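See below for the structure under consideration.
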Amino acid sequence: MPFYCWNGKMFCYFWKDKKNNQPYIGLVKGHHLHQPELVQGDRKKMKVLPIDPLQDIPIQLIHEILKESSSFY
């Protein structure tokens, strides 16, 4: 799985859910984020932002989450 790095450390990745083939953005230090749209599931440190391919991509929300997440690096 390809990761995007920030300052030499794993930051986030893009993938798709195995069950429903829906894309999502995974955030490595997501457990520090308190955005209600992020889903932790069974993960300990990562949270994901599901992306509905039938809706517009929430650019503003993604920007806010990435900006908040970058503060941990």
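What the table below lists for this structure:
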{"item": "Check on I59, closer than 17 Å to W15 by Cβ and modelled with pLDDT of 95 or more", "result": "no"}
{"item": "Meets criteria (modelled with pLDDT of 95 or more, touching a strand residue (DSSP E or B) at 6+ places or on another chain (Cβ under 8 Å) and outside any helix (DSSP H, G or I)) for Y73", "result": "no"}
{"item": "Condition check for Q60: in contact with a Gly (Cβ under 8 Å, 6 or more places away or on another chain) and free of Cβ contacts under 8 Å to residues at least 12 places away in the same chain", "result": "no"}
{"item": "Enumeration of residues in segment 33-56 that are in contact with a helix residue (DSSP H, G or I) (Cβ under 6 Å, 6 or more places away or on another chain), over 14 Å from F11 (Cα atoms) and loosely packed, with under 14 Cβ neighbours inside 10 Å", "result": "none"}
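The values are calculated or read from the model by the stated rules, or taken from the named source; none is laboratory data. Keep in mind the model is a prediction, meaning the values are calculated, not measured. Every residue, glycine as well, gets a Cβ built from its backbone with ideal geometry; the counts of neighbours run over all protein chains shown.
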